[in-house]
Each structure stands twice: as C-alpha cells, then as structure tokens.
Amino acid sequence: MPRLLIAEDDADLGPAMKRALELDGYVVDLFARGDDVLVAVGVGSYDVILLDIGLPHMTGLEVLRALRARRDETPVIVITAFDRTPHRVAGLDAGADDYVVKPVDLEELAARIRSQLRRRERRHDDSLSVGRVTLDFAGHVASMDGEEVLLTAKEFRVLALLMRRSRRFVSKTDLEGELYDQDQWVESNTIEVAISSLRRKFGRDFIRTARGLGYMVGGLEA
C-alpha cells in the first residue's frame, strides 16, 4: 500500500487532502512544518511527498533542496498558491517532479500521484540507487560510485530487498523469504553471512542493524 507524506499548514486543506487520499487506499502522514518533514523522511520511507511551498519554520523549497542534497529521490509534487512562471521554475529547479496550483482539485491531484507512482515503479524495474550504491536489475549488476562491485546471487537478492525498502528495517525472516524463492533450504546463518559480506564490499555503515528489528540501508548518512 503506497505511503504518502503531505506537508500542508492550511488547517482545512491539509486534513481534507489526507481524508480524500486515505479513502483512495493510501497510507497518509500529515505535517504542518517544514522541519518536521525532514525528520519524518529521515526515519521513514514514502512513495510520494506532497509539499506546500509556504510552510512555517522551513519553506517547502528549503525542504526540497535538503532532500535532494541527501540524494533522496522520493517523487515530490509541489503544491502552492503561486502560479507565475518564476515560481514554477524555482520548484522544478529545486528538484520537484510535478507542480499543482491551489485551489487543489483532489481528482487531479490523485491522478498526478498515480502518475508519479507509475514512473517510480518503472525506474525501479530497471535500476535503484541508495546513496552511493546502485543496482541494475536488467544487468544484475551492483556498483558503488560508478564502479562495479561483484556480488553473489544471494547477496544481490538480499541487497535488492533492503534497497527497495530503504529507510525501513527489514526483518531476518523477510530476508530469508527472499531467498526461499529460489533456494529450497536456507541455512540459519545465511543472512548474517550475506550481510557481513555486503558490509565488507560497501562499507560497514551502509547497512545498519537494530536488535529485534532487523537491517536497514539508506539512513541519514546515505
């Protein structure tokens, strides 16, 4: 189920957008401050961000620039009351993927969200990047800073699942399930061995571990 983040400080519009999108089947988090958006994105993963430009404490453009500086490629739809060309250009130059002008037509907004989800899915079909690491699914190749890194089939599948769920912890059980698709039996230490090898190849800090939660890539340092 796709997860959306709405950053909107209008006391009427924000909740209305949240309710409408939840009725469409999305999981939606709503924030009214720009700095809160960065905190939320730092600890969670979203499929699309709906970002108002005129946020308090940190403007939408400042939030967007900060996200792109982190190499966060989450699709962002900018929402603003300003319809002049310089404002649209500023949003797109800061890294926005789309632009919606207030008053917001909820049906149009939903269509634009679906478009971004389709584009993101197509990108993920071919390749996926988290920080300095990229997986090319078509060629079954991993690279770091543009340099190929040789992986075993098991390592590639484990890393692919972690990167698809970047910024979220993935349990050992889920990772084992990824291997059961092709292996009839997985040894009890298979995941630990794969994680240890991936850390040697990509750096120990690339994969984080939390007892009881599992493993995660794509933290704030990525």
TODO: Can you tell me which of 204-212, 27-35, 79-87 comes out highest on packing, and rank the rest after it, using the mean Cβ neighbours within 10 Å?
DONE: 27-35, 79-87, 204-212
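Quote to one decimal, in nm, the extra length available between LEU106 and SER143 on full extension: 0.36 nm per residue of separation minus the C-alpha distance between them. Can you show the working numbers first?
Values: separation 37, 0.36 × 37 = 13.32 nm, distance 4.03 nm.
Between LEU106 and SER143, full extension yields 9.3 nm more.
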Open item on the list: Quick check: net charge around VAL78, other residues with Cβ under 10 Å of its Cβ, Lys/Arg +1 and Asp/Glu -1?
Closed with: -2
Open item on the list: For the chain, what does the relative contact order come out to in percent, with C-alpha contacts under 8 Å and a separation of six or more?
Closed with: 15
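Given an 8 Å cut-off on Cα distances and at least 6 residues of separation, report the relative contact order of segment 131-217 as a percent.
Details: 91 pairs, mean separation 25.8, N = 87.
Once divided by the residue count of segment 131-217, the mean separation gives 30 percent.
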Task: Under 18 Å from LYS102, Cα to Cα: lysines that are on another chain or at least 8 residues apart - done: LYS18
Open item on the list: Ignoring everything except DSSP H segments at least 4 long, calculate the 222 nm mean residue ellipticity for the chain; use -39,500 (n - 2.57) per segment, divide by total residues, nearest 500.
Closed with: -13000 deg cm²/dmol
- [ ] Starting from the Cα of THR209, step 7 Å along the direction of its Cβ; do the same at LEU117; then give the gap between the two resulting points in nm.
- [x] 3.6
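May I ask you to order 1-14, 101-114 by the average number of other C-beta atoms within 10 Å around their residues, highest value first?
Those peptides, ordered most packed to least, come out 1-14, 101-114.
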Task: Note, ³J(HN,Hα) from phi for segment 26-34, Karplus 6.51, -1.76, 1.60, rounded to Hz, x at Gly and Pro - done: 8, 8, 10, 10, 10, 10, 10, 10, x
Task: Listed values (i) 19.0, 60; (ii) 16.3, 53; (iii) 17.1, 53, entry calculated as Rg and Dmax of the Cα atoms in Å - done: (i)
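Once the piece of chain linking GLU73 and SER45 is laid out straight, how much longer is it, given 0.36 nm per residue of separation minus the C-alpha distance between them?
Details: separation 28, 0.36 × 28 = 10.08 nm, distance 1.09 nm.
The GLU73-SER45 span can extend by a further 9.0 nm.
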TODO: Using Cα centres only, tell me the gap between segment 42-79 and segment 85-137 in whole Å.
DONE: 11
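No lab work stands behind these numbers, since they all come straight from the coordinates. From a predicted model like this one, the values you see are computed outputs, not experimental measurements. Neighbour counts are summed over all protein chains in view; Cβ atoms, including those assigned to glycine, are modelled from backbone coordinates with ideal geometry.
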